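The values are calculated or read from the model by the stated rules, or taken from the named source; none is laboratory data. No experiment lies behind these values; they were computed from the predicted model shown. Backbone-built Cβ (ideal geometry, glycine too); neighbour counts: all protein chains shown. Heavy atoms of the whole protein, side chains included, go into the accessibility calculation; ligands, DNA and RNA do not. Shrake-Rupley method; radii C 1.70, N 1.55, O 1.52, S 1.80 Å.
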Amino acid sequence: MNEDSARHLAGVPEGGAQPQEDLVGLLHRVARGDERAYEQVYDRMSPPVYGLVRRILRDPAQSEEVAQEVMVEVWRSACRYDEHRGSPQAWTMTLAHRRAVDRVRSDQAGRDREARAAAVGDGSPYDEVEEEATGRLERERVRRCLETLTELQRQAVRLAYYGGYTYREVAKLLSSPLGTVKTRMRDGLIRLRDCLGVEW
């Protein structure tokens, strides 16, 4: 994916150098653990991330999980962003594209193994069963981590990740002040990051 495509997916207008510069600075602050900077990066990047992942995976449930993983990865790996190698939009969308393609390949590999096992007729070998169980456990881990959030955090995160809504739209849907939604979302994402980080 080239930078122009990433900028288009991220909703950055032609000649929008200032937003790119803003995101560069924000990512550097995120790398230092700045939660307010992450809130702004999330607000700008989560909708296009979800949109790209959804176009690749098509399946809504898997798209939700992968988009969530991408945004947690942005928080955890912002220190690896190099502005000399591309824009923040291109970097983030590359993370999203890579994760989505990995999920497609993993699913295809699973279907291929099932087809081979069915052709043999003696059931699945142990390693296939183990891998399938591992995949289910990983999906369950994400769901479990979501359940550790407060109701408002969970609603806000689900609307943002699963629905692709911005902070402002989430606030309107939940009839809550924008500042409250931003704070709950930020706290929820940090809690998710910690929950997933401990188990990864």
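Legend: Rg and Dmax of the range 11-109, from Cα coordinates, 13.6, 43 Å.
For the set W75, W91, the ranking by accessible area, highest first and with no ligand, DNA or RNA atoms included, is W91, W75 under a 1.4 Å probe. Looking at the range 154-197, the accessible area is 46 square angstrom per residue; that uses a 1.4 Å probe and ignores ligands, DNA and RNA.
Here the alpha carbons of the range 51-117 define both size measures, Rg and Dmax, at 14.0, 48 Å. For the range 11-109, the share of accessible area belonging to carbon and sulfur comes to 45 percent (1.4 Å probe, ligands and nucleic acids excluded). In this calculation the C-beta distance from D22 to R98 is compared with R0 = 25 Å, giving a FRET efficiency of 0.55.
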